[in-house]
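Engineer: Encoded as structure tokens, here's the structure I'll be asking about.
The values are calculated or read from the model by the stated rules, or taken from the named source; none is laboratory data. These numbers come from a predicted model, not from an experiment. Cβ atoms come from the backbone with ideal geometry, glycine included; neighbour counts cover every protein chain shown.
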Amino acid sequence: MIHFVTSNKGKYAEAQAIFGDLVQRDIGYAEIQADTLEEVALYGMEEVIGRLEGPVMLEDAGLFVQALQGFPGVYSAYVQKTIGNAGILRLMEGQENRSAYFKSVVAYAEPGIKTVMFSGEVHGRIGFEARGNRGFGYDPIFYVDDVSLAEMDLEKKNQISHRAKSMRALKNWRIGR
Ligand code: ITT
């Protein structure tokens, strides 16, 4: 059993489909202002590790849009809460370069070992409209091969997503140890 510290049910569902033995812990932690997802995840882990017993993981993810110089990146949660998907589509109006990627960094710790981290990315593009009602966050505006992540079921998203890649890397590391 692994404690997965997250407030996000969608994340939990995707990770649970990969691990099968996670427990969601919505205990909150401060997301520091930093330049990288790795720093955010590492600091977050330092904050929660003493509050739970046994294996703990948390994940920080972000959307990086090439034409916006990587924005919203580490600010993805705040931007989603404020301007949302409609705001991103507006910022992209008239923009021909739609390239973007999601990145996920998962941090994992257990008693007696130093925190380890794994990352994963999925590359795609920002669409011209929001489509689909599955998933969460930026999924309706992020397209891979003309299908938005919000049009895919969880199984399909888990075949290609940033999160599935980082989480599978962690899972394999745990198995191979
Ligand atoms: P926790 O930090 O509690 O885990 P969160 O939703 O705040 O949950 P992040 O800070 O990692 O998670 O996510 C940053 C933002 O990016 C947030 O608004 C998410 O909705 C969005 N996001 C992350 N992964 C996503 C995905 O797979 N599809 C669409 N949006 C995603």
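Engineer: Which one of 65, 23, 56 is touching a His at 6+ places or on another chain (Cβ under 6 Å), of a type in the set (A, V, I, L, M) and surrounded by 14 or more Cβ atoms within 10 Å (Cβ to Cβ)?
Structural biologist: 56
Engineer: Something else about it: How many residues does the range 102-149 hold that are under 18 Å from residue 171 (Cα atoms) and in contact (Cβ under 8 Å) with a residue 40 or more places away in the chain?
Structural biologist: Of the residues in the range 102-149, 16 are under 18 Å from residue 171 (Cα atoms) and in contact (Cβ under 8 Å) with a residue 40 or more places away in the chain.
Engineer: Any residue at all in the range 75-97 that's part of a helix (DSSP H, G or I) and closer than 30 Å to residue 1 by Cα?
Structural biologist: Checked against the condition, which is being part of a helix (DSSP H, G or I) and closer than 30 Å to residue 1 by Cα, the range 75-97 yields at least one hit.
Engineer: Please state which one of 60, 21, 26 is among the acidic types (Asp, Glu), in contact with a Ser or Thr (Cβ under 7 Å, 6 or more places away or on another chain) and at pLDDT 95 or above.
Structural biologist: Being among the acidic types (Asp, Glu), in contact with a Ser or Thr (Cβ under 7 Å, 6 or more places away or on another chain) and at pLDDT 95 or above holds for just one of 60, 21, 26, which is 26.
Engineer: Of everything in the range 129-164 that's of a type in the set (Lys, Arg) and out of contact with any Pro (no Cβ under 8 Å at 6 or more places or on another chain), which residue is surrounded by the fewest Cβ atoms within 10 Å (Cβ to Cβ)?
Structural biologist: 156
Engineer: Identify, please: which residue in the range 33-64 is in a strand (DSSP E or B) and within 12 Å of the ligand (Cβ to nearest atom) and is, among those, farthest from residue 93 (Cα to Cα)?
Structural biologist: The residue in question is 57.
Engineer: Also, quick follow-up: Return yes when residue 29 is touching a residue at least 40 places away in the same chain (Cβ under 8 Å) and of a type in the set (Phe, Trp, Tyr) and no when it is not.
Structural biologist: So residue 29 fails the test.
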